[in-house]
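Shown next, in structure tokens, is the structure this report addresses.
Nothing in this text is a laboratory measurement; each read-out follows from the coordinates by a stated rule. All values reported here derive from a predicted model rather than from experimental measurement. When we count neighbours, we look across all protein chains shown, and the Cβ atoms used for this are built from the backbone with ideal geometry, even at glycine.
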Amino acid sequence: MNTSAEKGNRSAGPVVRTVLGDLDPADLGVCDAHDHLFLRSPQMPGQELADPGAAAAELAAFRAAGGAAVVQWTPYGMGRGAAELPGLARESGVTIVAATGLHQAVHYLPEVLERVRADLAGVFVAELTEGIGTTGVPAGMIKVAGGFHGLDRHARYTMAAAAEAHHATGAAIGIHLELGTGALDVLDLLCGELGVAPDRVILGHLNRSPDLVVHRMAAEAGAYLAFDGPSRAHHATDWRLPDALAALADAGFGDRILLGGDTTTAAARSVNGGPGMPHLLRRHRQRLQLALGEDLVTQFLTANPARAFAAHWGRHPHTTG
Ligand SMILES: [Zn+2]
């Protein structure tokens with residue numbers, strides 16, 4: 001991608017930065033707001049998402065189920081498949097947004113973290129504006145991670161870098177909350193200490209901790225809440241989701257809710273017999289529509305992600321050191 005997006009029409013509204021260039025958020029369509037086409041971690045040997053053919057098949061299945069866009073929350077150094085993403089987007093007709101950012105330290109070999117430690121924010125900004133590695137394929141969001149009911153040094157360091165890159169670019173920050181916990185600690189740090197506007201923060205995995213009070217507090221703070229990964233191994237929380245979403249919607253926070261599939265292993269792909277990305281629209285959408293009504297679920301899948309991921313790219317005066 002060239003840099004016309006940054007230099008271009010500054011009076012225009014915010015846009016979603018996709019792997020094929022910047023997109024009017026009105027054109028995003030039905031969006032899986034948190035998923036993975038490619039993913040690799042030392043924590044998950046033998047379950048890597050690394051096969052472009054399988055990614056293409058999964059995207060086709062998602063498209064056939066009515067899907068239009070996928071946001072891949074795979075950060076730096078975890079096998080994002082950046083070079084493959086534009087071709088997959090073109091071939092499938094599904095819009096793809098890639099991520100920069102950094103996961104918990106446990107997902108990296110020490111030498112990988114050493115490589116980026118000196119200027120992590122600089123790496124994030126470069127990936128959001130110039131592209132990932134040498135691919136020229138831009139990231140469109142920043143993904144970082146908290147810990148179980150707390151934030152360790154690594155989490156605080158990566159969130160500080162994420163905030164700096166956000167201030168420089170406008171990119172939204174998506175958070176892996178460990179088992180859905182620590183949401184308020186993350187907001188205290190990112191918004192309270194680091195000056196990120198709450199509506200630029202997307203809290204992920206909240207379904208894994210169905211604490212309606214915490215959900216309500218995070219929504220009241222102004223953050224987006226991503227309920228992702230239905231049908232995963234921790235399915236005990238799946239059946240609580242309609243009630244959790246209804247509580248938020250009844251309290252007036254229907255415009256804060258995002259939905260995602262969060263396919264993280266090869267075995268979970270629909271093309272390998274798992275629920276995969278289409279499950280979000282084939283089954284999950286249906287049951288949520290019954291519980292909450294069609295309009296609200298459509299809002300979760302279209303208007304909300306369009307607003308959450310769109311940014312005024314490059315408008316920001318801050319620069320990274
Ligand atoms: Zn994920």
Considering only the other residues whose Cβ falls under 14 Å of the Cβ of Leu59, what net charge follows from Lys and Arg at +1 and Asp and Glu at -1? -3
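So what's the net charge close to His107: Lys and Arg +1, Asp and Glu -1, counting the other residues with Cβ under 14 Å from its Cβ?
Charge balance near His107 sits at -1.
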Each residue of region 110-122 in turn: what ³J(HN,Hα) in whole Hz from Karplus with 6.51, -1.76, 1.60 and θ = phi - 60°, glycine and Pro shown as x? x, 5, 5, 5, 4, 4, 10, 4, 5, 8, 5, 4, x
Which ³J(HN,Hα) values, rounded to whole Hz and listed in residue order, are derived for region 27-38 from phi using the Karplus coefficients 6.51, -1.76 and 1.60 in 6.51 cos²θ - 1.76 cosθ + 1.60 with θ = phi - 60°, glycine and proline given as x? 9, 5, x, 5, 10, 7, 7, 7, 8, 9, 9, 9
What order do you get for Tyr108, Tyr224 when you list them from fewest to most C-beta neighbours inside 10 Å? Tyr108, Tyr224
Potential lengthening between Asp27 and Thr298 on full extension [0.36 nm per residue; Cα-Cα distance subtracted]: 96.1 nm
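Work out how much length Asp250 to Gln47 would gain on full extension: take 0.36 nm times their residue separation and subtract the Cα-Cα distance, in nm to one decimal.
Working: separation 203, 0.36 × 203 = 73.08 nm, distance 3.92 nm.
Extra length available between Asp250 and Gln47 comes to 69.2 nm.
Quick one: net charge around Asp35, please, counting Lys, Arg +1 and Asp, Glu -1 for every other residue with C-beta under 10 Å from its C-beta.
Values: positive: none; negative: Asp32, Glu58, Asp228, Asp262.
Neighbour charge sum, excluding Asp35 itself: -4.
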Quick one: order Asp243, Asp255 by neighbouring beta-carbon count within 10 Å, fewest to most. Asp243, Asp255
For the chain, size of Cβ-based charge dipole, Lys and Arg +1, Asp and Glu -1, in debye: 240
State, as an integer percentage, the relative contact order of the chain based on alpha-carbon contacts under 8 Å between residues 6 or more apart. 23
Say each of Ala197 and Glu130 gets a label point 7 Å from the Cα, pointing the same way as Cα to Cβ; how far apart are those two points in nm? 2.8
Please report Asp211, Asp32 as a ranked list, fewest other C-beta atoms within 10 angstrom at the top and most at the bottom. Asp211, Asp32
